[in-house]
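K.L.:
Take a look at the following structure, please.
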Amino acid sequence: MLQGQKSGGTTLDEVSSASKIESNNGLPHWFVDAQAEASREFAAEPYPSRKDEHWRFSSVKNLDGATSLARPAADLGARPTFEPTLDRAFPEPAGRIIFVNDQLVSCELLDDSLNERGVVFLPLEQALKVRPDLLEAHFMAQPPRLGSKKFAALHKASVKAGTVLYLPPSLVVDAPFEVFHVVTGENLAVFPHTLIIADKESQVTFLDHFVSTDGQAKGFACGVNDLVLRPGSRLSYINVQDWSRQFVSVQVNSTVAEEQSSAVNLSMNFGGRYSRLESISRLAGAGARSDMLAVSIAGADQEFDQRTLQDHLQPNTTSDLLYKNALSDNARTVFSGLIKVERGAHRTDAYQKVRNLLLSDESEANSMPGLEILADDVRCTHGATSGQVEPEELFYLLSRGIPQLKAKGLIVNGFLNEVVDRLSSEDIKTYLRGQITDRLRG
């Protein structure tokens, strides 16, 4: 239970001032300079247009409108004590960090031995002061390539609430690390960040939660994560997006997998009015593997805008993308994904599959898978399907006395759980299945 926290947040009007950090606050000069440069870049970059291929089919007007929503947190005045119960938290994590309106509320490493074994699990601002070496080489080191250059610059110029996790070589942590980014209040902008460095032969799972306490509060989220896998490491990164139904969000994911490493990146999308997810996976070492997964449940007038890149730079690498969307009412999804096999990346094995389950006549799914192959001896397949509930499946359940609404829910649940079943941990799978079931119940 968290008490005594006041409302905070960063607004777009504060972007320029965010870069004017005094050197005596303990932050490294390279970070201060990077924020100043990012502020200038944000101001110079134009807003996206649907004429840009990266924004084809997107409702870009949502982004322009969102930037006018945020107002200084000080204007909100004093707020009552906030006590999140976190009823959807993982039961026994290895560590947990909670931010409320971009303010740190708590940070705890629940297994004391992990600290003694060299694990770093810290808020971004603290990590910048005590372990700047971890951040300088990896903090937003990968350029945004899928259209959100302006918003990546905005994030870099504004970020305060972030998490840094470092796993030392050969360490295996079974329980997941868990972070909550909570928004309470109206018309706030937040900038969540996650940096994970899994050193050689280490193994870890990370749960990121993005949560609004008011299901109808307007706001804007601009998040970034950097996932770095050293040779032989294993990382499962899962984010659960449950912003308010009036939220606009942009999330930029970057994964770099070195030789013989394996990355699993699962995005679960439930909230938001307009949510854009850009995910890039770079297979930078021979034998690397990347699984890119997503589950989306969209209703009312929600829009999920998904852009991906599976970038194979070295030979004998594997990537496998599976995105599943369940759409009802007037909801819509956009997917644009590219498998790129760079020169010399022979014997690449890459898959890309997007499946849309349309639960109403008004829902809409736009899918644009693609291939760009510059090497020989590769196996690459891609495809996208959209369809409604099979009448035979529904009839089977109805004939056994299951009400129609519940029968449809069971079908949707089974459709989406195929993605969750790709994970290896039974505890995590059980936990995430519960998340899906909760959202389908409304």
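The values are calculated or read from the model by the stated rules, or taken from the named source; none is laboratory data. Keep in mind the model is a prediction, meaning the values are calculated, not measured. Cβ placement follows ideal geometry from the backbone for every residue including glycine, while neighbour counts extend to all protein chains displayed. With ligands, DNA and RNA removed, areas are computed over all heavy atoms of the protein, side chains included. Shrake-Rupley method; radii C 1.70, N 1.55, O 1.52, S 1.80 Å.
K.L.:
Scan segment 267-275 and tell me whether some residue there is over 24 Å from Arg332 (Cβ atoms), touching a Phe, Trp or Tyr at 6+ places or on another chain (Cβ under 9 Å) and open to solvent by less than 10 Å² (accessible area, probe 1.4 Å).
P.N.:
No, segment 267-275 contains no residue that is over 24 Å from Arg332 (Cβ atoms), touching a Phe, Trp or Tyr at 6+ places or on another chain (Cβ under 9 Å) and open to solvent by less than 10 Å² (accessible area, probe 1.4 Å).
One line per residue, one yes/no per condition, for (1) outside any loop (DSSP other than H, G, I, E, B); (2) in contact with a Lys or Arg (Cβ under 6 Å, 6 or more places away or on another chain); (3) without any contact (Cβ under 8 Å) to a residue 40 or more places away in the chain; (4) among the hydrophobic types (A, V, I, L, M, F, W, C):
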| residue | (1), (2), (3), (4) |
| --- | --- |
| Lys353 | yes, no, yes, no |
| Glu362 | no, no, yes, no |
| Asn366 | yes, no, no, no |
| Gly370 | yes, no, yes, no |
| Thr385 | yes, yes, yes, no |
| Glu392 | yes, no, yes, no |
| Phe395 | yes, no, yes, yes |
| Arg400 | no, no, yes, no |
| Gly414 | yes, no, yes, no |
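K.L.:
Additional query: Go through (1) buried (at least 23 other Cβ atoms within 10 Å of the Cβ); (2) farther than 20 Å from His138 by Cα; (3) not hydrophobic (A, V, I, L, M, F, W, C) for Asp242 and report which single condition fails.
P.N.:
Tallying (1) buried (at least 23 other Cβ atoms within 10 Å of the Cβ); (2) farther than 20 Å from His138 by Cα; (3) not hydrophobic (A, V, I, L, M, F, W, C), Asp242 fails exactly one: (1).
K.L.:
Restricting to segment 303-334, name every residue that is among the small types (Gly, Ala, Ser) and touching a residue at least 40 places away in the same chain (Cβ under 8 Å).
P.N.:
Listed by number, the list holds a single entry, Ala326.
K.L.:
Based on this model, can you work out whether Leu146 counts as of a type in the set (A, V, I, L, M), at pLDDT below 95 and assigned by TED's automatic domain parsing to the domain that holds Val190?
P.N.:
Here the answer is no, as Leu146 does not meet what is asked.
K.L.:
Here's something else I'd like to know. Which of the residues belonging to segment 416-426 are of a type outside the set (Lys, Arg), touching a residue at least 12 places away in the same chain (Cβ under 8 Å) and open to solvent by 70 Å² or more (accessible area, probe 1.4 Å)?
P.N.:
Glu418, Ser424
K.L.:
How many residues does segment 135-164 contain that are without any contact (Cβ under 8 Å) to a residue 60 or more places away in the chain and either touching a helix residue (DSSP H, G or I) at 6+ places or on another chain (Cβ under 7 Å) or crowded, with 16+ Cβ neighbours inside 10 Å (or both)?
P.N.:
Qualifying residue count for the region: 2.
K.L.:
Something else about it: Within segment 277-327, take every residue that is farther than 17 Å from Val252 by Cα and among the acidic types (Asp, Glu) and give me the one that is surrounded by the most Cβ atoms within 10 Å (Cβ to Cβ).
P.N.:
Asp320
K.L.:
Something else now. Can you tell which of Glu53, Glu37, Glu45 is touching a Lys or Arg at 6+ places or on another chain (Cβ under 6 Å) and at pLDDT 50 or above?
P.N.:
None of the others qualify; the one that does is Glu45.
K.L.:
Where the second residue is of a type in the set (Lys, Arg) and surrounded by fewer than 21 Cβ atoms within 10 Å (Cβ to Cβ) and the first is in contact (Cβ under 8 Å) with a residue 12 or more places away in the chain and part of a strand (DSSP E or B) and lies in segment 120-134, which pairs have Cβ atoms under 8 Å and are six or more apart or on separate chains?
P.N.:
Val120/Arg131; Leu122/Arg131
K.L.:
Continuing with the same structure: Within segment 241-268, track down each residue that is assigned to a strand (DSSP E or B) and farther than 25 Å from Asp199 by Cα.
P.N.:
Gln241, Asp242, Phe247, Val248, Ser249, Val250, Met268
K.L.:
Just one of Arg347, Arg400, Arg343 is assigned by TED's automatic domain parsing to the domain that holds Thr308, exposed (fewer than 15 other Cβ atoms within 10 Å of the Cβ) and more than 24 Å from Arg273 (Cβ to Cβ); which is it?
P.N.:
Arg343
K.L.:
While we're on this one: Between Ser17, Ser68, Ser7, Ser59, which is at pLDDT below 95, open to solvent by 50 Å² or more (accessible area, probe 1.4 Å) and assigned to a loop (DSSP other than H, G, I, E, B)?
P.N.:
Answer to the check: Ser68.
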